[in-house]
Amino acid sequence: MTFSWTPHRFSGGALALDVANAVVLRDDPARRIDRFADPAAMDAFCAGASNYGAERDLFGALAPVREDARNGLVALREAIDAHFRAEIEGTGTPDLLADLLEAIAATLRRSGARPQALDTATARSALLLLAQSEPDRLKICPNCRWLFIDRSRNRSRAWCDMAVCGNRVKASRHYRRRRGDQRP
């Protein structure tokens, strides 16, 4: 099966969250897919984020990560996911915040004068998320478990992407009702 970075893959609302969401089925070790395990997919992510990402105007056209910095981007991605996921779930700790800040600092030191590099832009995006005034807008999609920012006026957005996860949940609910199974 061929993989491509479609608009749905950038539904996090921030580059840092889209990078964290590059791991599909994170909570299921048997089915987990790390899209950044393939260097070509990691490089292609830049074009997708530049075209579809919510922060594309802020960061512009992103450049791929240098080969020697790929592991650093993955470490940053995992620190972003661990910190923000724990904050959303109410289990955040100072250690997770420190881990994230250390990963950001290491990335910025390593990337040098490459502001358009994916790792640098991701670190900057994570800093913007840390500084946001409304942390309660960060949510976890109940269907795919991706992280996203709820920018709806009344903070009622439930899924990362209504066209994908929302439709799947609604179709499943409809199918169960038609079958006579009344579970939610």
Qualifying residue in segment 72-86 (condition: closer than 26 Å to residue 98 by Cβ, touching a residue at least 40 places away in the same chain (Cβ under 8 Å), aliphatic (A, V, I, L, M) and assigned to a loop (DSSP other than H, G, I, E, B)): no
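Conditions (1) of a type in the set (S, T, N, Q); (2) closer than 23 Å to residue 149 by Cα, marked per residue:
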site: 24; (1), (2): no, yes
site: 31; (1), (2): no, no
site: 36; (1), (2): no, yes
site: 47; (1), (2): no, yes
site: 51; (1), (2): yes, yes
site: 60; (1), (2): no, yes
site: 66; (1), (2): no, no
site: 79; (1), (2): no, yes
site: 82; (1), (2): no, yes
All positions within segment 20-65 that are in contact with a Ser or Thr (Cβ under 6 Å, 6 or more places away or on another chain), open to solvent by 60 Å² or more (accessible area, probe 1.4 Å) and outside any helix (DSSP H, G or I): 61
Check on residue 14, under 15 Å from residue 119 (Cα atoms), open to solvent by less than 10 Å² (accessible area, probe 1.4 Å), aliphatic (A, V, I, L, M) and touching a Phe, Trp or Tyr at 6+ places or on another chain (Cβ under 7 Å): no
Selection count where residues are open to solvent by 70 Å² or more (accessible area, probe 1.4 Å) and farther than 18 Å from residue 56 by Cα, scope segment 115-156: 10
Residues being among the hydroxyl-bearing types (Ser, Thr, Tyr) and open to solvent by 40 Å² or more (accessible area, probe 1.4 Å) - total across segment 80-114: 2
Looking only at segment 93-150, and only at residues there that are in a helix (DSSP H, G or I) and β-branched (Val, Ile, Thr), the one that is nearest to the chain's Cα centre (by Cα): 122
Residues that are open to solvent by less than 70 Å² (accessible area, probe 1.4 Å) and farther than 19 Å from residue 126 by Cα, drawn from segment 1-11: 3, 4, 5, 6, 8
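Residues are listed down the side, and each one gets a yes or a no for (1) touching a strand residue (DSSP E or B) at 6+ places or on another chain (Cβ under 9 Å); (2) among the small types (Gly, Ala, Ser); (3) on the phi > 0 side of the Ramachandran plot:
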{"position": "122", "(1), (2), (3)": "no, no, no"}
{"position": "130", "(1), (2), (3)": "no, no, no"}
{"position": "145", "(1), (2), (3)": "no, no, yes"}
{"position": "151", "(1), (2), (3)": "no, no, no"}
{"position": "160", "(1), (2), (3)": "yes, no, no"}
Tally of residues being farther than 23 Å from residue 48 by Cα and among the aliphatic types (A, V, I, L, M) across segment 79-136: 13
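The values are calculated or read from the model by the stated rules, or taken from the named source; none is laboratory data. Predicted model, so just to flag it, every value in this text is computed and none were measured. When we count neighbours, we look across all protein chains shown, and the Cβ atoms used for this are built from the backbone with ideal geometry, even at glycine. Keep in mind that these areas ignore ligands, DNA and RNA; they rest on the heavy atoms of the full protein, side chains included. Shrake-Rupley method; radii C 1.70, N 1.55, O 1.52, S 1.80 Å.
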